[in-house]
1. With angles folded into 0 to 90 degrees, how steeply does helix 326-340 sit against the dominant principal axis of the chain? Use alpha carbons for both and round to 10.
2. Give the residue from His421, Gly500, Ile485 lying farthest towards the positive end of the charge dipole for segment 398-532; charges sit on Cβ (+1 for Lys and Arg, -1 for Asp and Glu) and the dipole is referred to the Cα centre.
3. How big, on average over all directions, is the shadow cast by the Cα convex hull of segment 54-205, in nm²?
4. Starting from 0.36 nm per residue, how many nanometres of slack lie between Asp133 and Glu330 once their C-alpha separation is accounted for?
5. In this model, which of Lys142/Lys363; Lys112/Lys425; Lys175/Lys354; Lys175/Lys363; Lys112/Lys456 are farther than 24 Å apart at the alpha-carbon?
6. Just to confirm, what accessible area per residue do you get for segment 43-128 at 1.4 Å probe, in whole Å²?
7. With charges only on Cβ, +1 for K and R and -1 for D and E, what is the dipole size of the chain about its Cα centre, in debye, rounded to 20?
8. Please report, in debye to the nearest 20, how large the charge dipole of segment 57-147 is about its Cα centre when each Lys and Arg carries +1 at its beta carbon and each Asp and Glu carries -1 there.
Amino acid sequence: MGFIQEIGGPLAEGFARLGLASQVAVTVGGFLFLSVFLNVFSQILFKNPNEPPLVFHWFPFVGSTITYGMDPPRFFQENRAKYGDCFTFILLGKKTTVYVGPRGNDFILNGKIRDVCAEEIYTVLTTPVFGKDVVYDCPNSKLMEQKKFMKIALTTEAFRSYVPIISDEVTSYFKRTADFKGQSGIVNICPKMAQITIFTASHALQGKEIRDKFDETLADLYHDLDMGFSPINFMLHWAPLPWNNRRDHAQRTVAKIYMDTIQSRRAQGESDAQDMMYHLMSSTYKNGVKIPDHEIAHMMIALLMAGQHSSSSTSSWIMLRLASRPDIMEELYQEQVKALGADLPPLTYEDLAKLPLNQAIVKETLRLHAPIHSIMRAVKQPMPVPGTKYVIPTNHVLLAAPGVSATDAQHFPQPELWEPHRWEKESPLAPSMVRNEPDEEEEEDKIDYGYGLVSKGAASPYLPFGAGRHRCIGEQFANVQLQTIVAMTVRMFRFRNVDGSNKVSGTDYASLFSRPLEPANICWEKRERHWE
Ligand code: HEM
């Protein structure tokens, strides 16, 4: 009896605990079932005819987050086929209205300032990384002035000085990097292009002094800043997590490095530099206030970060595409020989205009691999969608995806084919926008949002640099940078795929900017005569 009593207590306790656990499981299961049931029920019964159709989903809050996150372009295409150009899906509990196609691009990207707002969406991510009082941490009118300062600094004269800087950086990178020792080899090209991008951009835009710091402290600090851009930070940007602590420390340290550099340049009385920092140091807001040093520092961070992801992803895609089409890489080499002479003299800004295929490589790669697949805006007041009965309410977020029209057969014949020659007017694959290009004299519809005249053309099917008041100001710089990197790489190497096929790597959508899945290995072989 005593023994039974002795074990009876814990046994009974065990059974009681088991009972409690199964009760909890049943309650949770029941709750889940009920919420799924109510969610499905409400989708079937309560359709609002004045709102775009809602993408069917089983679970509340999660909605379509997973299918969207795994492959956004496929998600857009599949749902466009089901629901049309304008539809809504649930992204982490938020009703997100996608409007694709040229009309959708125009509706969202050229939306009026009283209707749509970018800063409300992006500030949680960007302000801790860039710092205070710039970009999305200030009124839109101030951002427009800041963009104007940056755009004005990117003059033809500046570009002329950048091409030799970028060429030298590329050549010296390939010559000193261990992965390119020997006559041929295999390399995961993405980290190499990321380094080339940061060295070339920092040197051209921020001067030699800052560039040299990337060999020491700055590269690690920028890496820590970068961690602040992971999509999870849309929700956890405030949390005292290790990566957020490192982000905050890096932001303070990098900003101080820039501010110290500004002060020492000012003390030296420098007056002939062509870099962005120098231009900002001598710029004044409309209200007569000179740009404070901390804002220049924060704009420097913003510029480098804005360009880094997009340009490094694009240059990686270009190299992977060239490895999949060695014939095009050879054509690029011959194009330079023909246009510039067999000895291939040092590349100049003017030379880039003589290399149409080199230009088309960048254009075609951005058509298929635009690094920004989703552009979001908060809705500030109900927005009627022209030509429909829909009104987008203020509790929705708007999402533009210009990549959808860039891969639509209606605008680009054989849209999935990477074919740089399609940008030639006579090509049977030329998009209608190239075949019917307006005469140069013809006046394009232009508008000034406060940072200089830009083409209104959000209705174009090809908008890798966005449109409207938030349009990219780095387009020309990116083109100069990418075309120079491609031209120099083509002089030094022949690429091909490791298995000799013409396949390309898949896309990694896990971070904010899409990029090739890694490792993305390619075979390189040196063109001997350009290595002396
Ligand atoms: C904005 C793409 C390179 C600076 C944008 C936007 C896109 C874009 C799509 C619009 C975002 C929106 O509407 O929310 C690209 C691509 C690049 C590139 C594809 C390279 C291939 C650069 C570079 C710089 C830069 C090199 C700097 C030198 C900016 C800035 C904005 C912007 C300052 C304005 C943000 C705003 O007004 O809200 N870019 N970009 N970008 N980009 Fe770029």
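The values are calculated or read from the model by the stated rules, or taken from the named source; none is laboratory data. Everything numeric here is computed off the predicted structure, so don't read it as measured data. Positions of Cβ are generated from backbone atoms using ideal geometry, with glycine treated the same way; all protein chains shown enter the neighbour counts. Surface areas here come from the heavy atoms of the whole protein model, side chains and all, with no ligands, DNA or RNA. Shrake-Rupley method; radii C 1.70, N 1.55, O 1.52, S 1.80 Å.
1. 30 degrees
2. Gly500
3. Details: hull surface 56.1 nm².
Result: a mean projected hull area of 14.0 nm².
4. That works out to 66.1 nm of additional length.
5. Numbers: Lys142/Lys363 31 Å; Lys112/Lys425 35 Å; Lys175/Lys354 27 Å; Lys175/Lys363 28 Å; Lys112/Lys456 13 Å.
Violating the 24 Å Cα-Cα cut-off are Lys142/Lys363; Lys112/Lys425; Lys175/Lys354; Lys175/Lys363.
6. Numbers: 4300 Å² over 86 residues.
Ligands and nucleic acids excluded, the result is 50 Å² per residue.
7. Details: 55 positive and 60 negative charges, 200 e Å.
Result for the chain is approximately 960 debye, rounded to the nearest 20.
8. Working: 11 positive and 10 negative charges, 40 e Å.
Result for segment 57-147 is approximately 200 debye, rounded to the nearest 20.
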